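What follows is a set of notes on a single structure, which appears directly below.
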Amino acid sequence: MLRYIKHNMSEIAGIEIFPIISLLIFVLFFAAVLWRIFKMTKSETESYSHIPLMEDQDSQDTNETKD
């Protein structure tokens, strides 16, 4: 099966750049996420840690008012 794919892909001109571009996009995105995480302040981390609990409380409040 891989033989057929390799054969068809080898006939496309300039195809060898696409794996390099996709790897570059992945590495840049991963580096940006890591940079954002390391630059977060303590207050941002605390506010993000409470988000799941706040959403749960909001949904419970709306369910109680509907009853």
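Table for the structure above
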item	result
Chain lengthening between Val33 and His50 when straightened (0.36 nm per residue, less Cα-Cα)	4.1 nm
Integer Hz, Karplus 6.51/-1.76/1.60 couplings in order for region 21-28, x for Gly and Pro	5, 5, 5, 5, 4, 4, 5, 5
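Each value in this text was obtained by applying a stated rule to the coordinates, not by laboratory testing. Keep in mind the model is a prediction, meaning the values are calculated, not measured.
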